[in-house]
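> Below are the structure tokens for one structure; questions will follow.
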Amino acid sequence: MLSYILRRCFYAIFVLFGVATVVFLITRLTGDPVAIMLTPDATAEQAQALRHSLGMDKPVIEQYGIYLLNLLHLDFGVSLRYGEHTLQLIIERMPATIQLAGAALLFSLVVAIPAGIISAIKRGTVIEKGIMSLIVFGQSMPVFWVGIVLVLLFSVHWRIFPTGGIGGFSHIVLPAFALGIHLLALVARLLRASLIEALDSDYIRTARAKGLVSVVVISKHALRNCLLPIITIVGLEIGALLGGSVVTETVFAWPGVGQLLVQSIYNRDYPLVQGAIIILAAIFVLVNLIVDICYSLVDPRIQYK
């Protein structure tokens, strides 16, 4: 297990190196941030002086080398817009993003697991068709469209929830629903398919032949063997929740890393864009490593070499 974890960490370094390189190159294609930072009547000498103070007058390959060297010391640079350390700005916004992603994940699992189980048990009935129709409809809707519709209905028309911002429980309901509806549909459909296959297996017939009640058969035998694909998809979707929060946070004015990232792209804030994407990528890699380790806890037959 230890050798496997060390090997995965070694691979993660190359993944993050690739992400850092790609984001460095892409940000340089968005334009010159000096044009945004200066007033329209600024002279060429002022623009050149600012560009020199930011180190942007150096060759790109030299900027790239300095950028990688700073990353080795966890130095993501200073924000061009805010004049503060990029890492500090991201850390300040990260709790809001984690809160939103966690609420969306909790909402998805609380609804998706019962929906998937009921759909598998009641397959072929009107109940199963109704549940799956709603799930497929929810999965086909883009996040930004769902968010806008929720704001129009529950905030503008009915005035039940606030339109945006961070605060109490009422503020997180709509963003969590919009962000988690895709994961809800994905988990419910996958769990339904896995349970249908499991319920037709010989070991389930044996358990029922022993006189075990349906609740025990499903929860103790069938459901446990369906957890591996669920854990896999949830682990992958946690990264998607963090990435998808960019759209959701923008729609609902949620002050997280996603909204900060969008603002930094508009401002051509190279250090902030690079730092936010690298940190989100690192979280994604870490979550996937944790998911792989959880496999052996759910199914002891899985061994890592």
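The values are calculated or read from the model by the stated rules, or taken from the named source; none is laboratory data. Just so it is clear, the structure is predicted and the values come from calculations on it, not from any experiment. Every residue, glycine as well, gets a Cβ built from its backbone with ideal geometry; the counts of neighbours run over all protein chains shown.
> Name the pairs: first residue in segment 270-291 and within 21 Å of P229 (Cβ to Cβ), second residue of a type in the set (D, E, K, R), Cβ to Cβ under 8 Å, at least 6 apart or on different chains?
L289/R8
> Within the set of pairs 6+ apart or on separate chains, which have a first residue in segment 1-16 that is in contact (Cβ under 8 Å) with a residue 12 or more places away in the chain, a second that is of a type in the set (D, E, K, R) and exposed (fewer than 14 other Cβ atoms within 10 Å of the Cβ), and C-beta atoms under 7 Å apart?
What qualifies is Y4/K305.
> Yes or no: segment 57-65 includes at least one residue that is aliphatic (A, V, I, L, M) and either free of Cβ contacts under 8 Å to residues at least 60 places away in the same chain or in a helix (DSSP H, G or I) (or both).
So far as segment 57-65 goes, yes, one or more of its residues are aliphatic (A, V, I, L, M) and either free of Cβ contacts under 8 Å to residues at least 60 places away in the same chain or in a helix (DSSP H, G or I) (or both).
> Sticking with this structure for a sec: Select from segment 26-39 the residues that are surrounded by 12 or more Cβ atoms within 10 Å (Cβ to Cβ) and assigned to a helix (DSSP H, G or I) and list them in ascending order.
Passing the criteria: I26, T27, R28, V34, I36, M37.
> Still on this structure: Any idea which of T125, T97 is under 19 Å from V262 (Cβ atoms), polar (S, T, N, Q) and either crowded, with 19+ Cβ neighbours inside 10 Å or without any contact (Cβ under 8 Å) to a residue 60 or more places away in the chain (or both)?
Details: T125 fails: under 19 Å from V262 (Cβ atoms).
When all the criteria are applied, what remains is T97.
> Ok, one more. Hey, does segment 80-90 have a residue that's among the small types (G, A, S) and in contact (Cβ under 8 Å) with a residue 60 or more places away in the chain? Break it down stepwise before answering.
From segment 80-90, those among the small types (G, A, S) are 83; that's our starting set.
Those left that are additionally in contact (Cβ under 8 Å) with a residue 60 or more places away in the chain: none.
Checked segment 80-90: no residue is among the small types (G, A, S) and in contact (Cβ under 8 Å) with a residue 60 or more places away in the chain.
> Right, another one. Suppose we filter V111, V23 for residues that are crowded, with 17+ Cβ neighbours inside 10 Å, under 30 Å from L223 (Cβ atoms), aliphatic (A, V, I, L, M) and under 20 Å from the mean Cα position of the chain (by Cα); which single one remains?
From the options V111, V23, the qualifying one is V111.
> Let me ask something else about it. Is there a residue in segment 68-82 that is out of contact with any Leu (no Cβ under 7 Å at 6 or more places or on another chain), surrounded by 17 or more Cβ atoms within 10 Å (Cβ to Cβ), part of a helix (DSSP H, G or I) and aliphatic (A, V, I, L, M)?
Among the residues of segment 68-82, at least one is out of contact with any Leu (no Cβ under 7 Å at 6 or more places or on another chain), surrounded by 17 or more Cβ atoms within 10 Å (Cβ to Cβ), part of a helix (DSSP H, G or I) and aliphatic (A, V, I, L, M), which makes the answer yes.
Per-residue answers, yes or no, for (1) at pLDDT below 90; (2) of a type in the set (A, V, I, L, M):
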site: M141; (1), (2): yes, yes
site: L152; (1), (2): no, yes
site: P162; (1), (2): no, no
site: A185; (1), (2): no, yes
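Table: residues versus (1) among the polar types (S, T, N, Q); (2) under 25 Å from D292 (Cβ atoms).
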site: G211; (1), (2): no, no
site: H221; (1), (2): no, yes
site: C226; (1), (2): no, yes
site: P229; (1), (2): no, yes
site: T232; (1), (2): yes, yes
site: E237; (1), (2): no, yes
site: V246; (1), (2): no, no
site: E249; (1), (2): no, no
site: V262; (1), (2): no, no
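> Could you check I166 against (1) within 25 Å of V246 (Cβ to Cβ); (2) part of a helix (DSSP H, G or I) and say which number it fails?
Against the list (1) within 25 Å of V246 (Cβ to Cβ); (2) part of a helix (DSSP H, G or I), I166 comes up short only on (2).
> Go over the candidates L212, L228 one by one and state the one that is assigned to a loop (DSSP other than H, G, I, E, B) and over 17 Å from I118 (Cβ atoms).
Values: L228 fails: assigned to a loop (DSSP other than H, G, I, E, B).
None of the others qualify; the one that does is L212.
> Residues to consider are Q88, Q48; find the one that is of a type outside the set (D, E) and modelled with pLDDT of 90 or more.
Going through Q88, Q48 in turn, just one is of a type outside the set (D, E) and modelled with pLDDT of 90 or more: Q88.
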